[in-house]
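Working notes, structure below.
The values are calculated or read from the model by the stated rules, or taken from the named source; none is laboratory data. Everything numeric here is computed off the predicted structure, so don't read it as measured data. Counting neighbours? That spans all protein chains shown, and the Cβs are built from the backbone with ideal geometry, glycine included. When the accessible area is computed, the model is the full protein with side chains, heavy atoms only, and any ligands, DNA or RNA have been set aside. Shrake-Rupley method; radii C 1.70, N 1.55, O 1.52, S 1.80 Å.
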Amino acid sequence: MIGLKIKEYLDKKGIKYSYLSKKSGIPMNLLSPTLNGKRKLSVEEYFTICEVLGLPTETFAPDNQSSE
């Protein structure tokens, strides 16, 4: 699930979830279950998160199996 990949990236880079929530405008009560795989991410939210993190939108795509 994409939310779990994003969470893994944030943890690896030391980025706080609260920072992502504030910068993306996605409230923590929606972001937290998303990162834990309990809520689906909307396309708009996904693009916003990638933009905030400065990453290409393919980064967390299911078929992207890069081993960074």
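I need to check one value: relative contact order of the chain, counting alpha carbon pairs closer than 8 Å and at least 6 residues apart, in percent.
On the way: 50 pairs, mean separation 25.4, N = 68.
Computed over the chain, the figure is 37 percent.
What does the charge dipole of the chain about its Cα centre add up to, to the nearest 20 debye, if the Cβ of each Lys and Arg holds +1 and the Cβ of each Asp and Glu holds -1? Don't skip to the end; give the middle numbers.
Working: 10 positive and 8 negative charges, 76 e Å.
Dipole about the Cα centre, nearest 20: 360 debye.
With a 10 Å cut-off between alpha carbons and a GNM built on the chain, which of Lys22, Lys13, Lys40 moves the most?
Top of the fluctuation ranking is Lys13.
Using a probe radius of 1.4 Å on heavy atoms only, what accessible surface per residue do you get for the chain? Whole Å² is fine.
Numbers: 4570 Å² over 68 residues.
It amounts to 67 Å² per residue over the chain.
When the accessible area of the chain is computed with all protein chains present and a 1.4 Å probe, what percentage of it is carbon and sulfur?
Details: 2480 of 4570 Å².
That fraction is 54 percent.
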